[in-house]
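One structure is given below, encoded as structure tokens.
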Amino acid sequence: MNVLMPQLGETVTEGTVANWQKKVGDKVAADEIILDIETDKVSMEIPSPSNGFITQILVPAGTTVAVGTVLAVVESSMSAAASAPAPVAKTAAVAPAAAPAAATQPVATVTATAEAAVARDSHQRLSPAGRRLAAEYRLDLKAVNGSGRGGRITRRNVLEFIQQQQAAPAPAAAPRVAVVAAAPAAVAAAPAARAPAPAAAPPAGAKTVPFTRIRKLTAEHMVRSKATSPHVLQAVEVDFHRVDRVRQSVRDAWKTRHGHSLTYLPFIANAVCRALEDFPNLNSSVHGDSLVLHPSVNLSIAVDLGAEGLVAPVIKNADRLSVAQLADAIAEIAQRSRAGKLKPDDFAGGTYTLSNSGTFGTLITAPIINQPQVAILSTDGVRKKPVVIETSEGDAIAIRPVGVLAQSFDHRAVDGAYSAAFLDRVRKIIETSNWVVEV
């Protein structure tokens, strides 16, 4: 069976083989991890599709290839490989047109070829991910050696080049090849004609903790999002009195039957899905000069992995689920995220994101948009507060559970009034609905 580069997001067209955990000839079991891959959104372990032996590895570590490319072949026995035709890898996006047979070369040969300099136009030698990153940092890449197939410059090559430039001491004269401007997110704060200063050496006794792959990818994605979307933050206070009353009434029975607590998040998710029906421009993506409105709500749920970073797996067709179904889906996807058991399809197709910092008692959070979406909602801590309420006898003060919902939105897609009206609708749904939850 062929091991393919999976689709790991709606707009992801390529991925990088980060590391092979197995080699040709190794015996593997179905679902046993055989390699790690990276995209601009996520890092993931890829399992074997079946029991057998790895008879071919077609893409060396460090190489960026298109989604659907054959990465390796697993056969029931090593002898089966001799009679089977070699698969044709889909490498058109990353391999030179003159070398269509490179995918079937042995790993050592492919690696040696990849490391050789290829005298071609830098635009042709850049992978799409590398091209985007080079554009963001405004790099002159004439001195960058590509490690991809045919000398192609990958995103990893660009990152390593940036790190080398920033770590090198500043020369007396301007170098021939240099990072010529700060990243877009920092341009406004930096002098226009000055290259970024090299990072200062850590103080004596300081501990240096290298970023994990997920941490690196998260950082890169966040920087690119801030550079891509003009972020605007709006927030509303919400009275969770009706939600809390239902949660308290079913708390014990719910946990016994479902195995997890009934939190505020599924109620908020349900309210968001209902509100998006009337505000479809927030359930969309920017593509060029157009806004693509999605027919259903696929909720990305940000899951914290501690120092590792975070991931945002997707609950498909969340607008068709009840509060109880959303609660189970959120708990299940969070558990699989922390256990490292997410599949490639779990990251595909997200249209709107919920980020939950409320468990830590935060007051308000300005989340960063999950590209290519146009909005993300942060749910912050719910606290008991005195609130003025209207009664038949006039205004009164009551103690109510109150929390803040804060939305970051892409100003290219919608204006402040549209976003504010959406938040107001979400608040009214939460505060006025007659919530009923099946236990």
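The values are calculated or read from the model by the stated rules, or taken from the named source; none is laboratory data. All values reported here derive from a predicted model rather than from experimental measurement. Here the Cβ is made from the backbone with ideal geometry for all residues, glycine too, and neighbour counts use every protein chain on show. Note: accessible area is taken over every heavy atom of the protein model, side chains too, but ligands, DNA and RNA are not part of it. Shrake-Rupley method; radii C 1.70, N 1.55, O 1.52, S 1.80 Å.
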Over region 302-380, average the accessible area per residue using a 1.4 Å probe and give it in Å², no decimals. 40
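Per-residue counts of other Cβ atoms within 10 Å, averaged by peptide: what ranking do you get for 64-70, 216-222, 312-318, highest first? Numbers along the way, then the final one.
Working: 64-70: 23.1, 216-222: 18.1, 312-318: 21.6.
Peptide ranking by packing, descending: 64-70, 312-318, 216-222.
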Once all protein chains are kept in place, Ile268 shows an accessible area at probe 1.4 Å, nearest 10 Å², of 10
Using a 1.4 angstrom probe and counting only protein chains, how large is the accessible area of Phe161 in Å², to 10? 20
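Using a 1.4 angstrom probe on the protein heavy atoms only, could you order Glu45, Glu277, Glu14, Glu393 from most to least accessible area? Walk me through the numbers before you get to the answer.
Working: Glu45 90, Glu277 130, Glu14 20, Glu393 170 Å².
Sorted descending by solvent-accessible area, the residues read Glu393, Glu277, Glu45, Glu14.
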In vacuo Debye sum over C-alpha of region 322-365, base-10 log of normalised intensity I(q)/I(0) at q = 0.14, 0.16, 0.23, 0.28 Å⁻¹, listed in q order, is -0.45, -0.59, -1.05, -1.14
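Leaving ligands and nucleic acids out of the surface, order Thr13, Thr55, Thr212 by accessible area at 1.4 Å, largest first. Spell out each step's value before the answer.
Values: Thr13 85, Thr55 20, Thr212 40 Å².
Largest accessible area first, the residues go Thr13, Thr212, Thr55.
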How large a share of the accessible area of region 234-351, in percent, is made up of carbon and sulfur atoms when the probe is 1.4 Å and the other protein chains stay in place? 48
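Tell me, what are the semi-axes, in whole angstrom and largest first, of the equivalent ellipsoid of region 341-439 as set by the roots of 5 times the Cα gyration tensor eigenvalues? Kindly include the intermediate steps, with their values, before the conclusion.
Values: eigenvalues 181, 64, 41 Å².
After diagonalising the Cα gyration tensor, the semi-axes are 30, 18, 14 Å.
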Reported to the nearest 10 Å², Val387 has, with a 1.4 Å probe, an accessible area equal to 40
